[in-house]
Amino acid sequence: MMIMNEKVSYSLYDDYVQSANTLFHFMKEQRFLDSILLHKALLPRYCIETIDYLNIHNGTRTFHEAAILQKCFCDIPFHKLADSFTVNAVGDVYESLTSDEKIEIQKNNTHFDFYGEYAVAFSKSWGEKNHLQPIHYLNEDSQYTKDFSALMGQIIQKNELLEEYSKDVINRLAYIKPLRGIMKRKFTRKDFSSVTVEISKNFHDEREWRYVPNAKDLADLNIGSIIANPNAIPLANDISNSLENEKYRKLWLNFSYDDIRYIIVPNIQARVNIIKTINDLPDDCFENKEDIPIEKNILMSKILVLEEIRKDW
């Protein structure tokens, strides 16, 4: 018989049964993957998250968005990453499209289409050890969300809670997301012009895990994990770029090349390009200077070409 307060021991290598045992981070351009391999780290950036569903007010001001310092991953099983699904597009821009364009944007969507055909993947045990957290998806109509919204309102308007409690509640914004919401996606029309279309999306399908830098490290560097001031949000991209400076390294999500499970690229030419990137990595990137050629070959062996493996799914 187990005593209630007895600590249960779990192996770091317990397999996940109904989700992937791998965490994927996707990107749209090779230069981002090149940077990750060169730095041996994933650098957090401020991402704009919609918080309308929380209905947070300060007097007449409503907080519609917040910029969250993060790096995101998903644990979607490999074979489902290329599954095509139908989306529900909304808004004036979508309504201005032709019938054929509407059909094109509704059908044949995959996770790669939304987030990019380049990716780097790690084991979930690596993610757990490096403090990644599955996102908490909030149902806008649940009592939990309503209570959280009310608490946020008290903090902003009255600030009656102790400072450490207030900080804890506010920092939870970095780990929550609405169950459903609007996502913007660029679409190329038949005349080759580009428009941004709003997509109504179930975010829970993303199965997101998120890295947010340690609170103490952020405080030491005078960096906030959340930017909620509407006047400061436009500066989030510039602040993110500044975090590429080496002095902010303790905010980065570091890894060794051995930690990488897969490197995903879209096509054969991209594989050639990433092989060149790996060959050009400086010796300082490798711990064992005697085995650098072997280590580079092992890293190359982890490359998967999306164009090829799609044929076998």
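The values are calculated or read from the model by the stated rules, or taken from the named source; none is laboratory data. This structure is a prediction, so every number in the text was calculated from the model and none was measured. Note that each Cβ is placed from the backbone with ideal geometry, even for glycine, and that neighbours are counted across all protein chains shown.
Key figures
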| read-out | value |
| --- | --- |
| Residue satisfying all of: in the range 78-109; assigned to a loop (DSSP other than H, G, I, E, B) and loosely packed, with under 14 Cβ neighbours inside 10 Å; modelled with the lowest pLDDT among these | N108 |
| Identity of the residue in the range 132-160, in contact with a Ser or Thr (Cβ under 8 Å, 6 or more places away or on another chain) and in a loop (DSSP other than H, G, I, E, B), that ends up surrounded by the fewest Cβ atoms within 10 Å (Cβ to Cβ) | N159 |
| Failed item in (1) under 22 Å from F114 (Cβ atoms); (2) free of Cβ contacts under 8 Å to residues at least 12 places away in the same chain; (3) among the basic types (K, R), with K216 passing the rest | (1) |
| Candidates H64, H39 - the one that is within 20 Å of E246 (Cβ to Cβ) and surrounded by fewer than 18 Cβ atoms within 10 Å (Cβ to Cβ) | H39 |
| Residue tally, condition small (G, A, S) and within 19 Å of I170 (Cα to Cα), over the range 54-108 | 3 |
| Residue match in the range 293-309 (condition: surrounded by 11 or more Cβ atoms within 10 Å (Cβ to Cβ), in contact with a Pro (Cβ under 7 Å, 6 or more places away or on another chain) and farther than 30 Å from N214 by Cβ) | yes |
| Test set (1) under 22 Å from the mean Cα position of the chain (by Cα); (2) at pLDDT 95 or above - I233 fails condition number | (2) |
| Hey, S240 under 16 Å from the mean Cα position of the chain (by Cα) and surrounded by 13 or more Cβ atoms within 10 Å (Cβ to Cβ) or not | yes |
| Yes/no for I199 being out of contact with any Lys or Arg (no Cβ under 8 Å at 6 or more places or on another chain), buried (at least 19 other Cβ atoms within 10 Å of the Cβ) and among the β-branched types (V, I, T) | no |
| Odd one out for R189 among (1) among the charged types (D, E, K, R); (2) touching a Phe, Trp or Tyr at 6+ places or on another chain (Cβ under 9 Å); (3) modelled with pLDDT under 90 | (2) |
| Matching residues, the range 32-76, being in a loop (DSSP other than H, G, I, E, B), at pLDDT 95 or above and charged (D, E, K, R) | K40 |
| Qualifying residue in the range 250-263 (condition: on the phi > 0 side of the Ramachandran plot, part of a loop (DSSP other than H, G, I, E, B) and polar (S, T, N, Q)) | no |
| Some residue of the range 177-196 being touching a residue at least 40 places away in the same chain (Cβ under 8 Å), β-branched (V, I, T), touching a strand residue (DSSP E or B) at 6+ places or on another chain (Cβ under 8 Å) and crowded, with 17+ Cβ neighbours inside 10 Å | no |
| Residues within the range 161-215 that are under 21 Å from the mean Cα position of the chain (by Cα) and part of a helix (DSSP H, G or I), tallied | 11 |
| Residue match in the range 110-131 (condition: surrounded by 14 or more Cβ atoms within 10 Å (Cβ to Cβ), closer than 27 Å to Y262 by Cα, in contact with a helix residue (DSSP H, G or I) (Cβ under 7 Å, 6 or more places away or on another chain) and at pLDDT below 90) | yes |
